[in-house]
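Here the structure is laid out as structure tokens; the discussion comes afterwards.
The values are calculated or read from the model by the stated rules, or taken from the named source; none is laboratory data. Quick caveat: nothing in here was measured; it's all calculated off a predicted structure. In this analysis, Cβ positions are derived from the backbone assuming ideal geometry, glycine residues included, and neighbour counts consider all displayed protein chains.
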Amino acid sequence: MYVYDEHDRQMAAERVAQFRDQTERALAGELAEDEFLPLRLQNGLYVQRLAPMLRICVPYGMLRSDQLRRLARITRDYDKGYAHFTTRQNVQLNWPALEDVPDILAELAEVEMHANQTSGNCIRNTTTDQFSGVQSDEIADPRPYCEIIRQWSTFHPEFAFLPRKFKVAVNASEHTDRAAIQVHDIGLQMVRNDAGELGFRVHVGGGLGRTPMVGPVIREFLPELDLLTYLEAVLRVYNRYGRRDNKFKARIKILVKALTPEGFAEKVEAEWQHIKDSPSRLTREAIERIQAYFTEPDYADLANATDLLAKQRFENREFDQWLAHNVDTHKKPGYAIVTLTMKKTGTPPGDVTDRQLEQIADLADDYSFGEVRVTHQQNVVLADVRQDRLLELWQAITPMGFGTANLNTLTDVICCPGGDYCALANAKSIPVAEAIQRKFDDLDYLYDLGNIDLNISGCMNACGHHHVGNIGVLGVDKKGEEFYQISLGGSSHHDAAIGKILGPSFAREEMPEVIAKIIDVYVDKRTEEETFLDTYRRVGIDPFKERVYA
Amino acid sequence: MPNVIASDGTIRQDNWVVVPRPAEGESLDIPSAQPALIPADLWLAGYEHFTGRQDIGVWFDSHDEPEILEGRVNELPVIAVNFPKFSDGRGYSIGRLLRERFGYVNELRAIGDVLLDQLQFMKRCGFDAYVLRPDKDITKAQRCLNFFSQGYQAATDTDIPLFRRRAS
């Protein structure tokens, strides 16, 4: 994992001092509300329905155990003892006091953390696959490139006041896309060209929100050394020509659509020709220097524990289920990837207490070389667990509430904080998630249903990624009452698609029953091998409509 | 007379006046005894008349294209860029293009909704003169120009990004 050097430390300290100065001027009335707004947003601070909310950056989802312990301490000292894992691999505090935020940022800086650019109209945290570096089918480890992008985008003087927020995601796996890159402003798919050279296929202009779009490819192959100059060209074209007259038309996807992907690509290419050979072009040494931070941990030389696991699974059915759903194959023999689910029914998806943060830190130290990864599905991954210790780990996490074996099933809901916390929301989202989790509490039935992405957003801003859920739920406001609109057929994976709206919206109490009817249609219509999405794609939306609105 | 901040934080006064774009059918109202900044496209339109004059500079609005002055920027003693609202970031790209692409070497002045917390971004993008919005405390400019001792990326102030400095 990346470790700060003296340059990083110095800039982090300067950033804290700057925000302390800005906060003091805001409190003294020297900065008007609208002048302070982008400054606090670019330090992660929102003013929410009930209290300020601080969004802390977890670069590409990686956290060390000492950082988790510091987060736990901060939630105790400055907040109400819990935190929330977001759908962008970050962490949010819901109750900090405005005047404490500079102190919180100083505490974070001590453990090489920050809240830079986690909000505001700037380049946000770059995200990637939570299984980076431990899966066998990746082109290369994407995390060094994410860190290179993080450094380039941090305090970028030209791009601090873009027309709108800007999100970059990187994927390196050949067969899966856990980073949902095609619904980002820039999606970078790592590829090798025919000569075997490493580079990126560049998607620009994907996104959710009010105008959901799958990002078109604007360059089939970008050599890795050209990464930063090309990003700079894309951002410059967007900064100059993106719309600023209407907040809802200001994302880069609107510009790409207006110019057409080909027209946009031409403009970028023309800009890039001027800067591609500048000193901002990456060097092999610069990449290798960052890659050196992401070397393999000190793995033991092991064989796969096939016989032992078979015996343990035979003796313990619940362990067997957990292993089948929450544990993934590791590239290294004898190791496994474990996802701790933060989706226990009755707890808002992604919420953790200070004690749980410390438990996760202890688990990381005991089982996974002191590191974890936060996923955009709001779960936490222990990436390097020995197979012969899986049973012991499962026994340890079950009482902690992290062992619910529902990963990727219907009840592994992606859910934004919604109207319970967020000032933007039209409707609550957490109670809907909980009601659905309660309705579908039979694990065997969930397993039979297979992988289903259920995504819930409390408003059009789509923090819960509802457009790309196989089943998407969007909270809407109808004359002051909360209603929920359903869409079907979305996907955030390699076969990315935006869901189609089913029909008129429903009251909250109807939602579990409506979801049950949708599931019934799937169960009736599916063939042996089909997932929910497969069946939907084959039969279309009509059978679902007929059943739900019958 | 406006107070003008230099990149080192020192303050001077000068009497450059910003001449607004004339309404349709009107002509430019250039004061006779004062140096004036006029809309860049109008300078170009009256090139024969204005070129070589040390008391005439130009200004760009944030949606203007600095490309129109390519090849001629150094005929101007001052170029200003207007920030109509501090949150409009197009002026940063204009600054960098004037300096880095078109090789402009004379004064580059930030005008309009120029606040303290954006000064260092402007400095990094090639500006070297700043007319702060009058209600802001000009004595704090020096501190705000220097919150950061370095940057990660190349810009106008240095073309060497940190990854190259680290290597040496």
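Among the residues of the range A:320-357, just one is aliphatic (A, V, I, L, M) and surrounded by fewer than 17 Cβ atoms within 10 Å (Cβ to Cβ), namely A:Ala324. Where strands (runs of 3 or more DSSP E) fall wholly inside the range A:387-488, the ranges with 1 or more residues that are at pLDDT below 90 and in contact with a Ser or Thr (Cβ under 8 Å, 6 or more places away or on another chain) are A:471-478.
Looking at B:Asp41, B:Asp61, just one residue is surrounded by fewer than 17 Cβ atoms within 10 Å (Cβ to Cβ) and closer than 27 Å to B:Gly89 by Cβ, and that residue is B:Asp41. So for the range A:151-162 (the condition being touching a residue at least 24 places away in the same chain (Cβ under 8 Å), out of contact with any helix residue (DSSP H, G or I) (no Cβ under 7 Å at 6 or more places or on another chain), more than 11 Å from chain B (Cβ to nearest Cβ) and not small (Gly, Ala, Ser)), does at least one residue qualify? For the range A:151-162, residues touching a residue at least 24 places away in the same chain (Cβ under 8 Å), out of contact with any helix residue (DSSP H, G or I) (no Cβ under 7 Å at 6 or more places or on another chain), more than 11 Å from chain B (Cβ to nearest Cβ) and not small (Gly, Ala, Ser): absent. All of (1) within 30 Å of A:Leu37 (Cβ to Cβ); (2) modelled with pLDDT of 95 or more hold for B:Ala36 with one exception: (1). Of a type in the set (D, E, K, R), under 16 Å from A:Leu105 (Cα atoms) and under 26 Å from the mean Cα position of the chain (by Cα), is that true of A:Asp8? Considered against the rule, which asks whether it is of a type in the set (D, E, K, R), under 16 Å from A:Leu105 (Cα atoms) and under 26 Å from the mean Cα position of the chain (by Cα), A:Asp8 comes out as yes. Among the residues of the range A:267-291, those identified as away from every other protein chain (no Cβ under 12 Å) and either closer than 25 Å to B:Cys125 by Cβ or in contact with a Ser or Thr (Cβ under 6 Å, 6 or more places away or on another chain) (or both) are A:Lys267, A:Val268, A:Glu269, A:Trp272, A:Lys276.
Residue-by-condition table, conditions (1) away from chain A (no Cβ under 14 Å); (2) in a loop (DSSP other than H, G, I, E, B):
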site: B:Gln34; (1), (2): yes, yes
site: B:Leu37; (1), (2): yes, no
site: B:Leu42; (1), (2): yes, no
site: B:His63; (1), (2): no, yes
site: B:Val81; (1), (2): no, no
site: B:Ser87; (1), (2): no, yes
site: B:Gly91; (1), (2): no, no
site: B:Arg99; (1), (2): no, no
site: B:Val105; (1), (2): yes, yes
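For the range A:521-542, what are the residues that are buried (at least 16 other Cβ atoms within 10 Å of the Cβ), in contact with a helix residue (DSSP H, G or I) (Cβ under 9 Å, 6 or more places away or on another chain) and assigned to a helix (DSSP H, G or I)? The answer is A:Val521, A:Tyr522, A:Phe532, A:Thr535, A:Tyr536, A:Val539. Scanning the range A:231-251 for residues that are in a helix (DSSP H, G or I) and either away from every other protein chain (no Cβ under 14 Å) or charged (D, E, K, R) (or both) returns A:Glu232, A:Arg236, A:Arg240, A:Lys247, A:Phe248, A:Lys249. The residues of the range B:116-133 that are within 12 Å of chain A (Cβ to nearest Cβ), part of a loop (DSSP other than H, G, I, E, B) and crowded, with 19+ Cβ neighbours inside 10 Å, listed by number, are B:Cys125, B:Gly126, B:Phe127.
Here is a yes/no grid of residues against (1) at the interface with chain A (Cβ under 10 Å from one of its Cβ atoms); (2) closer than 18 Å to A:Arg236 by Cα; (3) in contact with a Phe, Trp or Tyr (Cβ under 9 Å, 6 or more places away or on another chain); (4) not in a helix (DSSP H, G or I):
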{"position": "B:Val114", "(1), (2), (3), (4)": "no, no, yes, yes"}
{"position": "B:Asp135", "(1), (2), (3), (4)": "yes, no, no, yes"}
{"position": "B:Lys140", "(1), (2), (3), (4)": "yes, no, no, no"}
{"position": "B:Phe148", "(1), (2), (3), (4)": "yes, no, yes, yes"}
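Just to be sure before I move on: is A:Gln135 farther than 22 Å from A:Glu266 by Cα, within 14 Å of chain B (Cβ to nearest Cβ) and of a type outside the set (A, V, I, L, M, F, W, C) in the structure I sent? For A:Gln135, the condition - farther than 22 Å from A:Glu266 by Cα, within 14 Å of chain B (Cβ to nearest Cβ) and of a type outside the set (A, V, I, L, M, F, W, C) - is not met.
Out of the residues in the range A:140-173 that are assigned to a loop (DSSP other than H, G, I, E, B) and within 20 Å of A:Arg373 (Cβ to Cβ), state the one that is nearest to the chain's Cα centre (by Cα). Here the answer is A:Lys167.
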